[in-house]
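Chemist: Okay, here's the structure, questions in a sec.
The values are calculated or read from the model by the stated rules, or taken from the named source; none is laboratory data. Nothing here was measured: the structure is a model prediction, and the numbers come from that model. Note that each Cβ is placed from the backbone with ideal geometry, even for glycine, and that neighbours are counted across all protein chains shown. Only protein heavy atoms, including side chains, enter the accessible area calculation; ligands, DNA and RNA are left aside. Shrake-Rupley method; radii C 1.70, N 1.55, O 1.52, S 1.80 Å.
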Amino acid sequence: MSLMLHCGGQRTSLLDLQNTRTPPRTKSHVPVPHFDYVNMVRTRLPNTWKIRKEEYAIHGWKMFGVLYIDRPTPKFIKPDDYEMMIGLRNDHGKQMRWSIALGSHVFVCDNMCISGTSVVHRKHTPRILHDLPGLIDGVMNNISEQGDTLDNDISAMKSRKMHTVEIHDLSVFLMDSGVLTPRTLKKALEE
């Protein structure tokens, strides 16, 4: 699960985000309306990308979200190899920074945790509305590059032939390193 709610967050829709009240700005704090932030991300996706699924939640002044992205991939990449995601976090109550995460897996939690391959944070200072478009564009470029790199890595791994002895040695090494348990080692060797 990429959007975890266990601290009181309530699932909401994109339409409901549009109706969420944004407090007035102060001299040093400029809250970004939740819907405007999400819409800014949605409209900056490359033309060939589609949002397959989206999840949002509200907890007090805080908003959390995850966008699951479908994008064109080479024929050797299967839909279950990986998917690109974008994690979103915003706050009107001065408790956390504006954040966006991206990667082949992101985690966004209503306890304010956000993680991904890359995460960008920004305080809600007076220039935030000026800076957000550039920050989001940078993230979109980064996620495109990450996708291309993953595609190439997966292609290289799929085309590499391994001998039984090499597979065995690697599996035992993974168990010794704590990646596999004795139980999962057996299953890995069966595969």
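Chemist: In nm², what is the average projected area of the convex hull enclosing the Cα atoms of the chain?
Modeler: Result: a mean projected hull area of 13.1 nm².
Chemist: Expressed as a rounded percentage, what relative contact order does the range 88-133 have, with Cα pairs under 8 Å and six or more residues apart?
Modeler: 33 percent.
Chemist: From Cα pairs below 8 angstrom and at least 6 apart in sequence, can you work out the relative contact order of the range 90-191, rounded to a whole percent?
Modeler: Taking the mean separation of contacting Cα pairs over the length of the range 90-191, I get 16 percent.
Chemist: For 28, 2, what's the largest-to-smallest order of accessible area, 1.4 Å probe?
Modeler: Most to least solvent-accessible, the answer reads 28, 2.
Chemist: Just how much of residue 154 is accessible, in Å², when a 1.4 Å probe is used and the result is rounded to the nearest 10?
Modeler: My reading of the accessible area for residue 154 is about 20 Å².
Chemist: Put 7, 109 in order of accessible area, largest first, 1.4 Å probe: what do you get?
Modeler: 7, 109
Chemist: Have a look at 170, 135, 112 and report the one farthest towards the positive end of the charge dipole of the range 72-191, computed about the Cα centre with Cβ charges (Lys/Arg +1, Asp/Glu -1).
Modeler: Going by the charge dipole, the pick is 112.
Chemist: With a 1.4 Å probe and all protein chains left in place, how much accessible area per residue does the range 56-179 have, in Å²?
Modeler: Solvent-accessible surface per residue comes out at 52 Å².
Chemist: Oh, and also: For residue 118, list long-range residues whose amide hydrogen, built 1.01 Å from N in the peptide plane, is under 5 Å from its own amide hydrogen.
Modeler: 102
Chemist: Put one equal scatterer on each alpha carbon of the range 102-191, apply the Debye formula with no solvent term, and list log10 I(q)/I(0) at q = 0.20 1/Å to two decimals.
Modeler: -1.05
Chemist: Tell me, what % of the accessible area of the chain is carbon and sulfur with a 1.4 angstrom probe?
Modeler: Here it works out to 54 percent.
Chemist: Right, next: Counting only C-alpha contacts under 8 Å and six or more residues apart, can you give the relative contact order of the chain as a whole percent?
Modeler: That works out to 19 percent.
Chemist: Students sometimes get this wrong: rank 81, 148 by accessible area, probe 1.4 Å, all chains present, largest first.
Modeler: Result, largest first: 148, 81.
Chemist: Which pairs break 31 Å Cα to Cα here: 78/187; 50/186; 53/161; 27/50?
Modeler: Check vs 31 Å cut-off fails for 50/186; 53/161; 27/50.
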